[in-house]
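Read the structure below first, then the notes.
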Amino acid sequence: MEQVLNELKVEIEQSLQQATDVNELEGVRIRYLGRKGMINKLFKEIAQLPQDERRSYGQMINSIKTELENTLNERLQSNASSHQYDLLLPGCKPYAGYIHPLTGIFNDIVTFFTNYGFSVATGPEIEYDWYNFEALNMAQDHPARDMFSSFFLNNDMLLRSHTSPVQIRVMEKQKPPIKIICPGRCYRRDPFDASHSPVFHQVEALYVDKGVSFGELKWILSEFVKWMFGPKTTYELRPSFFPFTEPSGELAISCAVCGGSGCSVCAHSGWLEMLGCGMVHPNVLKNVKISSKEYSGYALGMGVERVAMIKYIIDDIRTFYANDIRFLEQF
Ligand SMILES: [Zn+2]
């Protein structure tokens, strides 16, 4: 009997060595520990042994059984945990966020102007009437104020309706040469529809120095259009009116949807107005105590949403604020 048990131990060890996966280990378990397995068979044979040997053989069979059970459990566990990870499987890329299209355009505009030596200036979003209107050549009763339906907080303060007040603040403190851009949020009492938003973003540029000419303004505009929309973009600079510039201009670029032949996006004109500009009005320079005889300057300003809508051919401004991940993922 002892020899039988020793042979069984060796046999079990060999079977365990040969078993490599869960199915084979299960085979080993059935063969030795199953109801009709070898160990149960041996337990039955104990009854035929002499009375004084039964106890010690019973213990020996029991220890073989316990050892086999423990080994099988360990092997099955380690097999399961090693199967949890397939190290050769390609990894899942973690979800990465995207730059919001407005932030992207905003950064592009700022990068362009800082490359040309402009520095970034900022100012408060709650402004005095003086900075938002009066100093910009729009007195209390100036009809041009109607162009800006502003959010007034009291008689003298309002949410700024453009970023131009920053220009005044800088010119008040600093003597020319001044070369700044003013990026920021603006507020107007406009409806929230496809082409308006009560909160929007602007970037303005201001260059004041001795002998700054309209030609320089035209040059920077052409560079900017090439940078933002590509070197083959056609654009048009037309006369316009703003109280704070004289002469004033408006830049339109050819509609990318119809290629200039006219469509619903460009109101069948073939052009999309993008930017206002002009030479700083002498009254504005006078208001900040800069001599208009000695100095001249140009200013230009654009809506960031407008530029993004033209560049990406988006016909509803509200999509920028809807936080629809399917829209944002495209940029
Ligand atoms: Zn068009």
Members of region 292-304 that are open to solvent by 30 Å² or more (accessible area, probe 1.4 Å) and not in a strand (DSSP E or B)
S292, K293, E294, Y295
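When you go through A144, A96 one by one, which is the residue that is on the phi < 0 side of the Ramachandran plot, of a type in the set (A, V, I, L, M, F, W, C) and not assigned by TED's automatic domain parsing to the domain that holds V225?
Testing whether each residue is on the phi < 0 side of the Ramachandran plot, of a type in the set (A, V, I, L, M, F, W, C) and not assigned by TED's automatic domain parsing to the domain that holds V225 leaves just A96.
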Anything in region 202-219 that is touching a Leu at 6+ places or on another chain (Cβ under 8 Å) and over 17 Å from V284 (Cα atoms)? List them, or say none.
L217, K218
Among the numbered criteria (1) farther than 21 Å from R318 by Cα; (2) open to solvent by 40 Å² or more (accessible area, probe 1.4 Å); (3) not aromatic (F, W, Y), which single criterion is violated by P191?
(1)
Qualifying residue in region 259-273 (condition: at pLDDT below 90, among the β-branched types (V, I, T) and out of contact with any strand residue (DSSP E or B) (no Cβ under 6 Å at 6 or more places or on another chain))
yes
How many of the residues making up region 224-251 are surrounded by 18 or more Cβ atoms within 10 Å (Cβ to Cβ) and within 19 Å of F106 (Cα to Cα)?
5
Please go through region 122-170 and give me each residue that is among the polar types (S, T, N, Q) and in a helix (DSSP H, G or I), ordered by number.
N132, S164, Q167
So, of the residues in region 76-111 that are among the aromatic types (F, W, Y) and modelled with pLDDT under 90, which turns out to be surrounded by the fewest Cβ atoms within 10 Å (Cβ to Cβ)?
Y95
Given the criteria away from the ligand (no atom under 16 Å from the Cβ), in the same structural domain as M138 (by TED's automatic domain parsing), without any contact (Cβ under 8 Å) to a residue 60 or more places away in the chain and over 35 Å from the mean Cα position of the chain (by Cα), does G211 qualify?
no
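The values are calculated or read from the model by the stated rules, or taken from the named source; none is laboratory data. Keep in mind that what you see is a predicted model, and the values were worked out from it rather than measured. Virtual Cβ from ideal backbone geometry, glycine too; neighbours counted across all protein chains shown. Heavy atoms of the whole protein, side chains included, go into the accessibility calculation; ligands, DNA and RNA do not. Shrake-Rupley method; radii C 1.70, N 1.55, O 1.52, S 1.80 Å.
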